[in-house]
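Undergrad: My questions will all concern the structure given below.
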Amino acid sequence: MKGLIQRVSQASVEISGSCAGQIGPGILLLLGIEKNDTPAVADKLLKKILAYRIFSDSDGKMNVSLQQTAGGLLVVSQFTLVAETMKGLRPGFSNGASPEQGIALYNYFVAQAQKLHAPVETGEFGADMKVQLINDGPVTFMLEAH
């Protein structure tokens, strides 16, 4: 499972012209689910995201986590994060989860996030989404769990 996290001043996701989710300061998470992922892997990645210290402390150092700031978490499914890009000029997706497995793990991840943190907003798994963000920094990290 891969999570591209971006520290944002604000972020939103739109589906079919309507706002599906939006946050103020916090983390925009683009979540990629692979075929070998499990709920245990999702739990591991979620705990890392919530505790990852990417927000500034009083000295201006990245030393504060999302949980400590009580910032928002916007979770957006991002199948293309799991693409194989090392060879050729076209991405391969053989490592990606099936749609059934992907939606089940996405829904599990979101439910666990909502139990552990607030606010949590989401996009919609498999939907054509328009994501807007103001990246704060910019600060962007790729996190993985296996």
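Undergrad: Tell me the angle of helix 99-116 to the major Cα principal axis of the chain, expressed in degrees between 0 and 90 and rounded to the nearest ten.
TA: Between the helix axis and the principal axis of the chain, the angle is about 20 degrees.
Undergrad: Which one, ASP43, ASP128, ASP59, has the greatest fluctuation when you compute a Gaussian network model over the chain with C-alpha springs under 10 angstrom?
TA: Residue with maximal mean-square fluctuation among ASP43, ASP128, ASP59: ASP59.
Undergrad: Take LEU89 and GLN112, extend 7 Å from each Cα along the Cα→Cβ direction, and tell me the distance between the two endpoints in nm.
TA: 4.0
Undergrad: So, one more: Pick from MET86, MET129, MET62 the residue whose mean-square fluctuation is largest in a GNM of the chain, springs joining Cα atoms under 10 Å.
TA: MET86
Undergrad: Please check: in the Gaussian network model of the chain (C-alpha springs, under 10 Å), which one of GLY32, GLY72, GLY17 has the largest mean-square fluctuation.
TA: Result: GLY17 has the largest fluctuation of those listed.
Undergrad: Before anything else, pin down the relative contact order of the chain: Cα pairs under 8 Å, at least 6 apart, normalised by residue count, whole percent. Don't skip to the end; give the middle numbers.
TA: Values: 319 pairs, mean separation 57.5, N = 146.
That works out to 39 percent.
Undergrad: What is the distance in Å between the Cα centres of segment 60-105 and segment 1-27?
TA: Distance between centres, Cα-based: 13 Å.
Undergrad: Right, next: Among GLY71, LEU28, ASN95, whose Cα lies farthest out toward the positive end of the dipole of segment 2-138, if unit charges sit on the beta carbon of Lys, Arg (+1) and Asp, Glu (-1)?
TA: ASN95
Undergrad: Of all DSSP beta bridges in the chain, what percent run antiparallel (nearest 5)? Don't skip to the end; give the middle numbers.
TA: Numbers: 29 of 38 bridges.
Roughly 75 percent of the DSSP beta bridges within the chain come out antiparallel.
Undergrad: Based only on other Cβ atoms within 10 Å, what is the fewest-to-most ordering of SER65, SER16? Please report the intermediate quantities before stating the final value.
TA: Details: SER65 17, SER16 10.
Final ranking by Cβ density, sparse to dense: SER16, SER65.
Undergrad: Which lysines have a Cα less than 29 Å from the Cα of LYS47, not counting those fewer than 8 places away in the same chain?
TA: By straight Cα distance, LYS47 reaches LYS2, LYS35, LYS61, LYS115, LYS130.
Undergrad: Residues in segment 85-110, backbone N under 15 Å from the label point at ASN36 (7 Å along the Cα-to-beta-carbon vector): list them, ranges by number please.
TA: From segment 85-110, the list is 94-98.
FYI, it's all coordinate maths here, none of it is from the lab. Here the structure is a predicted model, which means the values were calculated and not measured. Positions of Cβ are generated from backbone atoms using ideal geometry, with glycine treated the same way; all protein chains shown enter the neighbour counts.
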